[in-house]
Amino acid sequence: MIELRTPAEIEQMRPVGRFVAETLQALKREVTVGMNLLHIDKRAHELIRRAGAESCYIDYAPSFGSGPFGHVICTSVNESVLHGMPFDYALKDGDLLTLDFAVSLNGWVADSAISFVVGTPRAEDLALIDTTERALAAGIAAAQPGGKVGDISAAIAKVARADGLKINTDFGGHGVGRTMHGDPHIPNAGRAGRGFPLKPGLVIAIEPWFLQSTDELITEQRDGWTLSSADGSRGAHSEHTIAITEDGPIILTQA
Ligand code: MG
Ligand code: MG
């Protein structure tokens, strides 16, 4: 079911959006070479508690994961790109890290993800992150009232294909509201002018993610959750929760 939010409800969603954005930026500032992924999870948990927020991940147990997630943030490193379960791993110089974070605060959810390099970056990693961020910006710009979900999908895909990337549409954006995942699904490729109408009041997460040289994922056996590229190439992911209004899209997950 697709739910539309009133302007007043969209205003109520701003604090959770701001908290998610500020937490991701704070963690990005704190992350250093040598930091353990479990420490990042612990820090995120502290910030959640301090804010009186609630994790959307800790008890999350969908069909594609193995049991409850048990952590409050996804930390996907290098060839891992989605649902990276924090584990006992110390970040190395040049690692490409994706943090994906969703919480509920005062009954509303926000969901956002960022990718960045820890320490000395490789040019190809910065290029992949840049493509992902530009695809997100293009997707948001296409999220106009009167349009269709396919407009967002097509805008994302155009950026990725121009940079020679393949697109996997198994995981993409989604409705956001009282819970983390709702309708409609927002695939990272599709045809403009097709799909669900973008109406004022629709709140969605848009989340392009790409791999350097494949569109095939494998599930890491160590946890049954972390999704990595089938060929070992690296991945990046960029996500915002936005609200579509009469005047266009508003990014909720910004500080
Ligand atoms: Mg997310
Ligand atoms: Mg999401």
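Quick notes on this structure:
- One residue from 72, 103 being outside any strand (DSSP E or B), touching a residue at least 12 places away in the same chain (Cβ under 8 Å) and within 16 Å of ligand 1 (Cβ to nearest atom): 72
- Among the residues of segment 155-166, the ones that are out of contact with any Asp or Glu (no Cβ under 6 Å at 6 or more places or on another chain) and either open to solvent by 30 Å² or more (accessible area, probe 1.4 Å) or of a type outside the set (Gly, Ala, Ser) (or both) come to 8 in all.
- Test: residue in segment 194-201 that is assigned to a strand (DSSP E or B), more than 14 Å from the chain's Cα centre (by Cα) and either within 25 Å of residue 129 (Cβ to Cβ) or more than 16 Å from ligand 1 (Cβ to nearest atom) (or both): yes
- The listed residue being farther than 30 Å from residue 146 by Cβ, at pLDDT 95 or above and either more than 16 Å from ligand 1 (Cβ to nearest atom) or open to solvent by 10 Å² or more (accessible area, probe 1.4 Å) (or both), out of 220, 207: 220
- Residues in segment 143-176 that are farther than 18 Å from residue 113 by Cβ, in contact (Cβ under 8 Å) with a residue 24 or more places away in the chain and in a loop (DSSP other than H, G, I, E, B): 144, 145, 146, 147, 163, 166.
- Residue check: residue 214 meets all listed conditions (1) crowded, with 23+ Cβ neighbours inside 10 Å; (2) more than 16 Å from residue 84 (Cβ to Cβ); (3) more than 16 Å from ligand 1 (Cβ to nearest atom) but one, namely (1).
- Filter pass, residue 172 being out of contact with any Cys (no Cβ under 8 Å at 6 or more places or on another chain), within 13 Å of ligand 2 (Cβ to nearest atom), open to solvent by 10 Å² or more (accessible area, probe 1.4 Å) and not hydrophobic (A, V, I, L, M, F, W, C): yes
- The set of residues in segment 98-114 that are open to solvent by 10 Å² or more (accessible area, probe 1.4 Å) and under 24 Å from residue 28 (Cβ atoms) comprises 100, 104, 105, 114.
- Test: residue in segment 237-244 that is polar (S, T, N, Q) and assigned to a loop (DSSP other than H, G, I, E, B): yes
- Residues of segment 111-133 that turn out to be free of Cβ contacts under 8 Å to residues at least 40 places away in the same chain and either within 16 Å of ligand 1 (Cβ to nearest atom) or within 27 Å of residue 56 (Cα to Cα) (or both), as a count: 1
- Subset tally (residues that are part of a loop (DSSP other than H, G, I, E, B) and within 16 Å of ligand 2 (Cβ to nearest atom)) for segment 202-222: 3
The values are calculated or read from the model by the stated rules, or taken from the named source; none is laboratory data. Note that the structure is a prediction, hence the values are computed from the model and not measured. A quick note on method: Cβ atoms are made from the backbone with ideal geometry, for glycine too, and the neighbour counts reach across all protein chains shown. Each accessible area value is taken on the protein alone, full model and side chains, heavy atoms only, with ligands, DNA and RNA left out. Shrake-Rupley method; radii C 1.70, N 1.55, O 1.52, S 1.80 Å.
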